Structure formats: C-alpha cells, structure tokens
Amino acid sequence: MTSILVVAEHGDGAIKGATRAAVTAASGIGGEVHVLVAGQGCSAVAAEAAKIAGVAKVLVADASDYAHPLAENLADLVVGLARGYSHVLAGATAVGKNFMPRVAALLDVAQVSDITAVVAADTFVRPIYAGNGMATVKALDAIKVVTVRGAAFDRAGAAHEAAPIETVPAGPASATSRFVSQALTRSERPELTAARVIVSGGRGMGSGESFQLLDALADKLGAAVGASRAAVDAGFAPNDYQVGQTGKIVAPELYIAVGISGAIQHLAGMKDSKLIVAINKDPEAPIFGVADYGLVADLFQAVPEMSASL
Amino acid sequence: MKALVAVKRVIDYNVKARVKSDGTGIDLAGVKMSMNPFDEIAVEEAVRLKEAGVVTEVVAVSIGVPACQETLRTAMALGADRGVLIETAAEIEPLHVAKLLKALVDTEQPQLVFLGKQAIDDDAGQTGQMLAALLRWPQATFASKVTLAGGAVEVTREVDGGLETLALDLPAVVTVDLRLNSPRYATLPNIMKAKKKPIDTIAAASLGVDLAPRTQLLKISEPKARAGGVKVPDVAALTSKLKTEAKVI
C-alpha cells in the first residue's frame, strides 16, 4: 500500500508553492497523502495544508527547534515518522535539497533528486547534465525519498473539505548546529519560483546599476527579476536571482531574457517557460534558438522603450 | 586541524553532454574530463584555510577509476598536500560515495570535510548531506562564507530569498556554492610539484561498503527540444505580439 509523506515548507505563515507541487506529484504516485508541517507556532500553516486538494491528513510538529529549518532537526523528525510510509517527498528547494539527502542516508535508502515526472510509483524522470539528458530512474529501496521540481508540476489547489490535523511529538534537537542569523532580500515583487512573469538580465547588462532598467519593466509587468549565472558571477545581481542549473529552475508564463546569451546552464533553468522573449544585440546568440519572440536590439534602448509602452 | 576535500572527475564544464543514440547513457568517449567546478571551490577554500594557518593538512579524495588520479593531481596543484584514490570501476550512487567517504573519515579523522554542493554530471546534490548524516555530524550546504573560530565553524549559506548563517561545532561537513571563492589557476611550478605529492590508492572493496545498486537507470532520453520562434523588428511589434497573439500581458 502506498502512503506518502510530503514534508511541507513554509515561510511568512504560508505554504510554499513547491510544497503544493510536491502534493501534486504525490497524488500522481497514488495512495494516501499526508503532509508534515514542522515549525514554531505553525497552526495556521497546518490549517492551510489541511485544505490542499489531495491531502488526507496533516501532521504537525510545533516546537521552537523548528523555528528555522535546520537539516539535522528536520531530518531526525522525518526519519522518526518515515517508517510508516512508502514515499517521502519534498520540494527541491534550498530547504528540501538540504535536509532530504540526510533523511535518505539515515534511512539507508537512495534519494531521487529533482523529479520532473512520475512514471510509476517507483519510477521517476529527472534531468541530468544540466538538463541535456532526461533520466528515467527506478528506485529499488523500500522507502522512496524524492525531491520534486516545483516548476514541473502544477500546484495543488484548495480542497472542499479540510483534512484532519494530528499533532506529532517533536524529534531530538541538534546540539551541534545553531541558527545564527538570516538576511533575506525583501522585495515587493513575487518570488522567482512563484512569478507569472520573469524579467532576467545577463552579462549584457554591463553593471549592477543597469538592472534598474529591468526593475522598471518588472514593475510594469508585476514580474520577478532574475539573472544568469554570468551576471551573478560578475556581481551585477545577488546569487538568489540566479536562474539556471545551479540556481533556480523556473517555468513562468512569460520569461523575458535581456542581454542573456543563452548558455546551457541558463537554458536548463528556464527552457520550460511557456513563452520566452529574448532581447539581445547579438543576432547569433543561442538564446534566440529557444525564444518564441526574439528582438535583436540594444537593450539599453529597447527595455526603457518597452517599459514606457506598457 | 586536518581538512578533507572530496573531488569528482566529471565531464568538462564547457562540453555539451550528448545522449547516446541507444538511450543507455551520456556519450563520454573522447570527451574532455575535469574536476567538478564546485569541488575546485571546495579545494580552494581548504587551501586558503591552510594558508591562513587554521588548517594544517589538506587531503583530497576521489572515488572511481584510475583516471581520477588526474583529478587528485589537479587538487594537489591547487594546494592539497596529498591524495587518496578509492578505486572502483562500479557505477556508484551518492549513498555509496557517502559510505566510502565515511570509511575514509573514520581513518583520517578530519575536523572539516568540504564538498561541492552538486556534481554537474548527475546533478544529484546529495553526497555531502548523506556523509554528514552517516557521521552524525552537523552540516552546512551551499556555503558562500566560511569562518572558523573556537572549535566551531560559522557558515553563511545561499538559501531561497537570501542568506542564512549557521554555527556548527566541529567536526562538520560543508558543501560549497559558487560565490564562496574564485579558485586559483594551477601554475606550472605547482603542477610539477603536485606530481611529486603522494597518492594512496585504496580498493573500494576493502572498505566493507555494500555497493549494490539502489536505483536502476531505465533510459536516458533527449530533452524536449524547443523550437525557436520568430524575430520581431522592434519593441512595438514585440509588445503587440505579447498582447494580441500570446495574450500574456
């Protein structure tokens, strides 16, 4: 009997989209889907999880040890619950990527990372080599530990009726790992992985200041702002803007690539976008090979003109 | 204090991977191989800690076929003191790698283990966390800053939406992200010196780790190709297409 534990991720009192995508993947596997919410003072989050379509039960571990998602604490909690399940799923986010392999190793099972499709209860598709190959992998262990690419699955919506919520005891707390501080980029704009529209800049932006041109366009479109690895490496944009193999994987309805040549590593992070627009002065740039609409132009003229016309 | 750095031999970062026509794997025949770029950053960080007088010895370890010795030589040219090759021709998975590394940690007793946050071939991103779990050590993944003080390591991590700083008691496992440092280029004198540094070879089979497969690769296929679209002459044409044809804005 398949039964699936989805480990929820939440922030600012709300369930992350990656968790809803993981619930969709879980529903695709079949069987009963439970969601674990670990946090401090997280009853509102648990209530939200209970109203996600496809969720049969919510488990809540409410303790100060879960105020921050430390991998050691989360992994021990999940391992304590996992024996009763055939699958443990979480979003392939910075949090999921951090604690899930720890869960797998403690259970002595393999992890299947970053799946983009469910083929069967034990068989999944995942990208390798920066998305240049799609591997179909069968997990042979009794418990399948899987992280789910949020951009590859729809987000599970609202249920008609709320699932029951059950409290579970907190697991052991790590004595050797401590949260010190965090510095989150506060933005009025949507998060990259949740945005309907993304405006991304590359090395062609030339400087960090010129990203303001993208900010102006993003404001007009209600878009998130992203960057290629080249732009991040050059110091034009912070690392959490990075879209690509080693950054965030996105699939918005509209992706506008500005001054981005289209390196393999970048394409791996955005080529599943529904519509791609490329603005680049080099007509030979590989980005035009994947763009639905390509504009060969100087971005320093085209972007302000586009902002003004919207 | 000893630091251990795990380095993987992978397809060179600048080479485009091609799926074999029979769907059994990626065609690596005659393809340039290099050290996983994240592992280079891991080596650089360990070497900088040695240069700062915090770490006394940097040991590089690689797992795989004899050709992985080249990867160890690269690590030593960057400043690692010696290399260990855990030799196996088996197709091994992150859990196996973590178990083999644990066996080496048990004998080498490092205080810090550095690894890349992911390898650019399988893109799994699991080994460091698995090693930390098996050792029951604390972990910090996606490091962008590492500071050692008083038996603890403070690590700033790249997380969704910004940065997070953790303090870990030693010993600990750290996996490194892009912005931690810019690895140096190996100079010719250092490449020559690296040839004289020792590499120990250990047979993976001698470490008592079960290397039976935990996953089965059924096939590898080409990703769905995305057809290029049309070029538009100017901004007005672009916005008009977005509004009326694609209806996305």
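Here, each number is a calculation from the coordinates, and none is a lab measurement. Remember, predicted model here, so these are calculated numbers, not experimental data. All Cβ positions, glycine included, derive from the backbone under ideal geometry; neighbour counts span all protein chains shown.
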Requested in this report: Return the inverse of the average 1/r over all pairs of distinct C-alpha atoms in the range A:162-310, which is the Kirkwood hydrodynamic radius, in Å to one decimal.
Outcome: 16.4 Å
Query - Top of A:16, A:97, A:220 by mean-square fluctuation, Gaussian network on chain A, Cα under 10 Å - result: A:220
Report summary line: At 25 °C in a medium of viscosity 0.890 mPa s, chain A has a Stokes-Einstein diffusion coefficient, with Rh taken as the Kirkwood radius over alpha carbon pairs, in µm² per second, of 121 µm²/s
Report summary line: To the nearest 0.05, the calculated FRET efficiency linking residue B:199 and residue B:224 through their beta-carbon distance, R0 being 51 Å, is 0.75
Query raised in the report: Hey, if you put +1 on the Cβ of every Lys and Arg and -1 on every Asp and Glu Cβ in chain B, which of B:155, B:59, B:176 ends up farthest toward the positive end of that dipole?
Result: B:176
Query raised in the report: Is there a pair in B:50/B:193; A:97/B:219; B:8/B:224 whose C-alpha atoms are over 26 Å apart, and which pairs would that be?
Result: B:8/B:224
Report task. Take the Cα atoms of the range B:81-142, build their convex hull, and give its volume per residue in Å³. Result -> 106 Å³
**Report entry** Förster radius 56 Å - calculated FRET efficiency between residue A:56 and residue B:109, Cβ distance, rounded to 0.05
**Finding:** 0.75
Query raised in the report: Given A:274/B:32; A:248/B:20; A:57/B:102, which pairs have Cα atoms separated by over 29 Å?
Result: A:274/B:32; A:57/B:102
Query raised in the report: What does the charge count near residue B:213 come to, summing +1 for each Lys or Arg and -1 for each Asp or Glu among other residues with Cβ under 12 Å from its Cβ?
Result: -2
**Report entry** Proportion of all alpha-carbon pairs of the range B:33-102 beyond 21 Å (%)
**Finding:** 26 percent
Query raised in the report: How much of the calculated P(r) for chain B lies past 29 Å, in percent of all Cα pairs?
Result: 37 percent
Query raised in the report: When the Kirkwood hydrodynamic radius is evaluated over all pairs of different C-alpha atoms of the protein assembly as shown, what value in angstrom, to one decimal, is obtained?
Result: 24.2 Å
Report task. Would you order A:186, A:126 from fewest to most other beta-carbon atoms within 10 Å of each residue's own beta-carbon? Result -> A:186, A:126
**Report entry** Proxy reagent accessibility, fewest Cβ within 10 Å first, across B:214, B:226
**Finding:** B:226, B:214
Requested in this report: Can you list which of the GluC sites (Glu not before Pro) found in the range B:38-108 are DSSP loop residues with at most 15 other C-beta atoms within 10 Å?
Outcome: B:91
Report task. Have a look at the DSSP beta bridges in the range B:130-221 and tell me what percent are antiparallel, nearest 5. Result -> 80 percent
Query raised in the report: In a shell of Cβ-Cβ distance under 14 Å around residue A:13, excluding residue A:13 itself, what net charge do Lys and Arg (+1) and Asp and Glu (-1) give?
Result: -3
Report summary line: Here D for the range B:200-243, in µm²/s, from Stokes-Einstein with a Kirkwood Rh over Cα pairs at 10 °C and 1.306 mPa s, works out to 94 µm²/s
Report summary line: Candidates A:17, A:222, A:201; GNM for chain A (alpha-carbon contacts under 10 Å) flags as most fluctuating A:222
Requested in this report: Net charge near residue A:303: determine it from the other residues with C-beta under 14 Å of the C-beta of residue A:303, scoring Lys and Arg +1 and Asp and Glu -1.
Outcome: -4
Report summary line: Checked against the positive end of the charge dipole of chain A (+1 on Cβ of Lys and Arg, -1 on Cβ of Asp and Glu, about the Cα centre), the farthest of A:89, A:50, A:232 is A:89
Report task. Rank the residues A:134, A:205, B:33, B:192 as a footprinting-exposure proxy: fewest other Cβ atoms within 10 Å of their Cβ go first. Result -> B:192, B:33, A:134, A:205
